[in-house]
1. Quick one: which residue in 354, 399 is of a type in the set (D, E, K, R) and within 14 Å of the chain's Cα centre (by Cα)?
2. For the range 346-379: of the residues being assigned to a strand (DSSP E or B) and away from the ligand (no atom under 16 Å from the Cβ), which is least open to solvent (accessible area, probe 1.4 Å)?
3. Just to be sure I understand the filter: pairs with C-beta atoms under 8 Å, separated by 6 or more residues or on different chains, first member in the range 234-250 and aromatic (Phe, Trp, Tyr) and open to solvent by less than 10 Å² (accessible area, probe 1.4 Å), second member part of a loop (DSSP other than H, G, I, E, B) and away from the ligand (no atom under 16 Å from the Cβ). Which pairs pass?
4. Considering only the range 220-233, state which residues are crowded, with 24+ Cβ neighbours inside 10 Å and part of a loop (DSSP other than H, G, I, E, B).
5. Got a sec? Which of 325, 297 is open to solvent by less than 10 Å² (accessible area, probe 1.4 Å), within 12 Å of the ligand (Cβ to nearest atom), farther than 24 Å from residue 906 by Cα and assigned to a loop (DSSP other than H, G, I, E, B)?
6. With of a type in the set (Val, Ile, Thr), within 16 Å of the ligand (Cβ to nearest atom) and either within 19 Å of residue 419 (Cβ to Cβ) or at pLDDT below 95 (or both) as the only criterion, which of 225, 219, 211 stands out?
7. Mind checking whether some residue in the range 406-414 is over 15 Å from the mean Cα position of the chain (by Cα) and outside any loop (DSSP other than H, G, I, E, B)?
Amino acid sequence: MVVLSPRLSALCALLLTVCANAQSASTVTALSSSAPASVSSAVSASSTASELSSTVSSVSASSFATSETSVASITSSLSSVASESFSTLSSFSSAVSGSTAASSSLPASASSTDIASLSTLSSAASASTGPPLESTQITLPISSYGFTSFPVPSASPIPGVFPSTAPKSPPPPGSSLIPDFGPAWARAHSRARQQISGWSLEQKVSVATGVGWMGGRCVGNIAPVADWPGLCLEDSPLGVRFTDFVTAFPAGITTASTWRRDLFRARGLAMGREFKGKGVHVALGPMMNMGRIAQGGRNWEGFGADPFLTGEAAYETVLGLQNGGVQACAKHYINNEQEHFRTQESSNVDDRTEHEIYLHPFMRSVQAGVASVMCSYNLVNDTYACQNDRTLNQLLKDEIGFQGYVMSDWGAHHSTLAAVAGLDMSMPGDITFSSHTSWYGANLTAYVENGTIAESRVDDMAERIIAAYYLLEQDQNYPEVSFNAFDMTDPATNAHVDVQADHYKVVREIGSAGAVLLKNVAGALPLKTPRSIAVIGNDSGPSTRGPNGYSDRGGDDGTLAMGWGSGTTQFPYLVTPLEAIQARAQQDAPGTQVSWWLSNWDTAGAAATAFQQDVALVFVNADSGEDYITVDGNEGDRKNLTLWINADPLIEAVASANPNTVVVVHSVGPAIIEPWIENPNVTAVIWASLPGQESGNAIVDVLWGDVNPSGRLPYTIAKSPADYGAQLITGGTGDEILRIDYTEGLNIDYRHFDSNNIEPRFEFGFGLSYTTFSYSGLHVSTIPQADRTSAALEAAWASGKAAPAAAGGSTALWLHRPAFKVTFQVRNTGHVAGTEIAQLYVHFPAGAGEPPSVLRGFEDVQDVRPGESRTVSITLSRYDLSVWDAEAQGWKKPAGKFEFSVGTSSRDFRLKGTIPV
Ligand code: BGC
């Protein structure tokens with residue numbers, strides 16, 4: 001086999017982009033059906049660089065004659081792509097090699113019948129017709145793709161700094177130890193290699209191919225091979241979907257609102273045990289999209305609008321899930337930031353923004369040893385995310401050093417050659433649901449047999465998948481799948497195993513710790529034994545249909561405790577605020593009068609109910625979800641940012657009748673609350689997010705002061721929707737690919753407000769307490785380093801040189817180990833015990849191109865007694881003080897002074913210092 005030179009390989013890579021660009025130019029169908037025979041021998045071992053580049057232009061000219069994209073624009077895009085996206089081609093050049101021109105005779109537009117007959121075609125392969133395009137969705141030319149496996153990042157464990165770690169023995173939450181999963185991955189890979197060594201090509205392909213939609217008991221299934229039992233893959237990021245006797249945990253967004261790593265971990269661990277208890281091998285979470293737009297339908301599944309907070313939540317959740325025994329799946333990779341046209345939008349993102357904002361949480365997941373990653377529906381820079389060499393091969397597998405496998409989102413797989421771009425597993429396995437065809441399966445086998453895809457790549461796919469299984473020790477007494485996601489009442493396939501244990505406690509604790517107190521005038525809260533309470537609003541009570549009456553929670557009726565779509569579970573029960581308030585009020589003072597009014601539309605009735613009561617508690621909400629369900633005109637994404645079901649008039653009516661009106665909001669994300677937030681009769685507001693099954697109990701804990709609120713907003717609440725820097729893109733018809741240009745770059749959420757001096761209603765990181773805290777005694781130091789293993793790299797970094805591009809370069813220990821330590825004191829200056837969330841924001845040197853403040857550390861200081869002081873320390877790594885240099889393809893320290901602030905939100909800074917870099 002002849003390995004192509006980097007230059008030739010680069011041109012192969014460029015072909016990928018050319019095709020993708022043409023695809024996005026809106027004539028996708030025409031493109032495929034007109035694939036000309038002249039596109040022959042696109043890559044030949046005998047080609048010289050100049051021959052190949054002329055082939056590129058002839059491909060451009062002839063293939064895309066019907067495309068609106070002009071040849072000139074394609075070729076000019078080649079040069080810019082060459083210097084930007086493909087400046088580090090190491091992975092792709094090892095992935096693209098070959099000795100002969102492609103000898104496939106695949107039809108230009110492969111129909112399902114064609115695909116079924118591919119295996120017979122492959123033996124009769126002929127070069128005469130050349131390598132036509134594969135299908136309507138192709139982004140790589142048919143060619144001959146060799147494969148060399150990715151280098152394993154070189155690192156050795158360092159006890160006390162970088163300890164060798166297995167999923168079963170993670171460092172404690174918030175520990176400054178950096179786990180080294182390298183040795184555990186090495187053992188797992190070696191077992192996997194052994195396992196597949198005698199397998200046939202078909203068997204290895206089978207490991208990479210789901211059995212098809214509803215072809216098994218889980219939402220995704222891999223069939224057994226020999227004595228290996230296959231895999232069950234199941235949603236969701238907040239619990240086990242489509243089964244009973246499981247816990248409905250708080251959503252990701254509520255969990256993030258706690259800003260507590262111990263709770264991130266505890267929730268992950270409890271969920272991991274439940275997935276395992278049900279026999280699920282792969283839990284399809286956590287979800288870590290970035291909340292780039294406030295309206296994003298699935299933002300609530302994730303951890304808010306800051307990469308650092310999201311990264312910490314993802315890291316701890318993965319460690320917890322995998323400690324529980326299940327494989328975690330970091331999703332959706334990448335730039336899947338809105339539901340509208342999610343399968344037909346190209347998120348166009350510059351390399352620096354991609355690294356600093358969107359890639360970061362995935363990198364943190366890899367540092368937590370995540371077993372799998374799910375690529376997303378959308379296109380990234382004009383290439384589908386599930387066949388994107390740049391994001392899958394170059395960023396994830398090479399630069400970050402991910403050693404697990406990439407699965408497609410359900411139906412996000414568009415070509416067999418996605419294998420070459422880095423996709424390891426096709427989910428659910430069929431081309432369209434229940435079509436009984438597959439881009440992998442017989443099609444992949446045929447591509448290997450006809451020389452298009454190297455068998456070593458299929459070995460790599462199977463090895464990665466089976467290694468993840470061994471990484472989690474799923475060969476040791478793993479429970480059988482005991483439920484049927486597609487028929488929850490079938491007696492033959494549902495054992496109704498109860499896996500809930502005492503996880504309701506974690507749910508309740510996160511529900512109260514994630515509640516954010518936004519307003520509290522004259523000590524309105526906590527409640528002080530009120531004699532009469534009015535509970536108002538549809539959101540305070542039950543749905544007429546029960547907690548699971550709407551399929552995948554696709555209805556807003558009764559108290560809102562999760563959004564809708566695949567990111568849901570069945571509720572085992574749902575404690576409503578109304579029932580919890582009644583119980584707590586009687587416990588507080590028997591005979592307390594509790595009245596209620598659940599209709600949001602009859603505001604006169606609500607006002608009358610609230611009249612002359614000691615306190616009126618109004619519950620309102622805002623919902624959203626996944627695009628396959630539309631609720632009240634909201635197609636997944638929210639069509640506006642107002643609260644739902646007449647909430648604003650309801651609150652105003654109640655406030656006009658009762659001068660002590662307390663508003664509780666259950667929301668998927670930010671909402672505009674301008675109509676009533678300054679109303680003096682609205683004395684308190686709690687942003688209670690999506691608390692899961694213990695909703696009522698959790699809010700009662702905060703209302704009565706059994707828990708002193710410490711939640712903080714994981715996003716900004718604006719005064720107007722227009723204040724947010726990025727907006728939902730609507731429109732699009734037919735096959736059109738919607739362009740979504742991330743022109744705001746690094747400025748999402750608070751970064752945009754800060755950069756543009758826009759005053760928010762409540763800033764990112766904001767939240768009140770029933771007590772107050774003071775900050776003092778700031779001290780900053782350099783952390784002495786005993787080992788000198790990477791002294792040269794550290795010195796180069798300190799002098800402002802970009803870190804060298806290397807396999808695993810972005811996750812290298814020297815970049816991430818604690819390098820600076822910030823300490824300070826937090827003192828409780830109020831009258832009740834409370835928890836403070838101390839936040840550290842770095843202000844990069846002017847000229848670094850960063851927003852004014854970026855979150856780089858936080859620490860929960862739990863249960864501080866009145867008058868008590870605690871010393872808090874937060875460490876910073878070199879990575880925390882770096883920016884991505886897109887030209888050099890490395891992390892680097894910008895020149896200048898590094899200042900930082902410590903405080904209680906992204907705008908309330910109490911201490912300021914300088915980092916001695
Ligand atoms: C969602 C994924 C989910 C999958 C399986 C897709 O539509 O985007 O998040 O895991 O379905 O249900």
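The values are calculated or read from the model by the stated rules, or taken from the named source; none is laboratory data. The shown structure was predicted, so the numbers you read here are calculated from the model rather than taken from an experiment. In this analysis, Cβ positions are derived from the backbone assuming ideal geometry, glycine residues included, and neighbour counts consider all displayed protein chains. Just so you know, the surface numbers come from the protein's heavy atoms only, side chains and all, with ligands and any DNA or RNA stripped out. Shrake-Rupley method; radii C 1.70, N 1.55, O 1.52, S 1.80 Å.
1. 354 is the lone residue from the list that is of a type in the set (D, E, K, R) and within 14 Å of the chain's Cα centre (by Cα).
2. 346
3. That search, which allows pairs on different chains as well, returns 249/503.
4. None - no residue of the range 220-233 is crowded, with 24+ Cβ neighbours inside 10 Å and part of a loop (DSSP other than H, G, I, E, B), so the list stays empty.
5. Of the residues listed, the single one that is open to solvent by less than 10 Å² (accessible area, probe 1.4 Å), within 12 Å of the ligand (Cβ to nearest atom), farther than 24 Å from residue 906 by Cα and assigned to a loop (DSSP other than H, G, I, E, B) is 297.
6. 211 is the lone residue from the list that is of a type in the set (Val, Ile, Thr), within 16 Å of the ligand (Cβ to nearest atom) and either within 19 Å of residue 419 (Cβ to Cβ) or at pLDDT below 95 (or both).
7. no
This table checks each residue for (1) of a type outside the set (Val, Ile, Thr); (2) in a loop (DSSP other than H, G, I, E, B).
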{"position": "604", "(1), (2)": "yes, no"}
{"position": "607", "(1), (2)": "yes, no"}
{"position": "620", "(1), (2)": "no, no"}
{"position": "627", "(1), (2)": "yes, yes"}
{"position": "639", "(1), (2)": "yes, yes"}
{"position": "642", "(1), (2)": "no, yes"}
{"position": "651", "(1), (2)": "no, no"}
{"position": "655", "(1), (2)": "yes, no"}
{"position": "666", "(1), (2)": "yes, no"}
